[in-house]
Amino acid sequence: MNNKEFVSELSRRMGYSQKDCSSLLSALVSEISSQLEEDRIVSIQDFGTFEVRKKLERVVISPATQQRMLVPPRLVVAFKPSTQLKDRFNEET
């Protein structure tokens, strides 16, 4: 499902215009992003938790050339689903 399809479905379910739903979604993503930039954890009840984690530097070996390379440390966004979300998927399978 791409962004346009998601906004369309959200609009259909909530009864708002697609423009309103698109603005709402944009504001939500913007707020989550700004909170993560400030190194805060964002928890959404019954959905999950977003947080910024630091990956340490590491050495990797290129399979083609066997050359060793150092990958510098970096920050990544991690998502941990809530127990309720995990249970919903486990019930369906």
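The values are calculated or read from the model by the stated rules, or taken from the named source; none is laboratory data. Values in this document were obtained by computation on a predicted structure and should not be read as measured data. Note that each Cβ is placed from the backbone with ideal geometry, even for glycine, and that neighbours are counted across all protein chains shown.
Would a scan of the stretch 72-83 turn up a residue that is hydroxyl-bearing (Ser, Thr, Tyr), in a loop (DSSP other than H, G, I, E, B), over 27 Å from Val7 (Cβ atoms) and out of contact with any Asp or Glu (no Cβ under 8 Å at 6 or more places or on another chain)? No; the residues of the stretch 72-83 include none that is hydroxyl-bearing (Ser, Thr, Tyr), in a loop (DSSP other than H, G, I, E, B), over 27 Å from Val7 (Cβ atoms) and out of contact with any Asp or Glu (no Cβ under 8 Å at 6 or more places or on another chain).
Restricting the first member to the stretch 32-50 and to residues that are in the same structural domain as Leu85 (by TED's automatic domain parsing), and the second to residues that are hydroxyl-bearing (Ser, Thr, Tyr) and in a loop (DSSP other than H, G, I, E, B), the beta-carbon pairs closer than 6 Å and six or more apart or on different chains are Asp46/Ser82; Phe47/Ser82; Gly48/Ser82. Within the stretch 4-32, can you find the residues that are within 18 Å of Phe50 (Cβ to Cβ) and exposed (fewer than 13 other Cβ atoms within 10 Å of the Cβ)? Ser26, Ala27, Leu28, Val29, Ser30, Glu31, listed by residue number. Look at the stretch 70-93: where a residue is of a type in the set (D, E, K, R) and a partner is surrounded by 10 or more Cβ atoms within 10 Å (Cβ to Cβ), sitting 6+ places away or on another chain with Cβ atoms under 7 Å, you get Arg74/Lys55; Lys80/Gly48; Lys80/Thr49.
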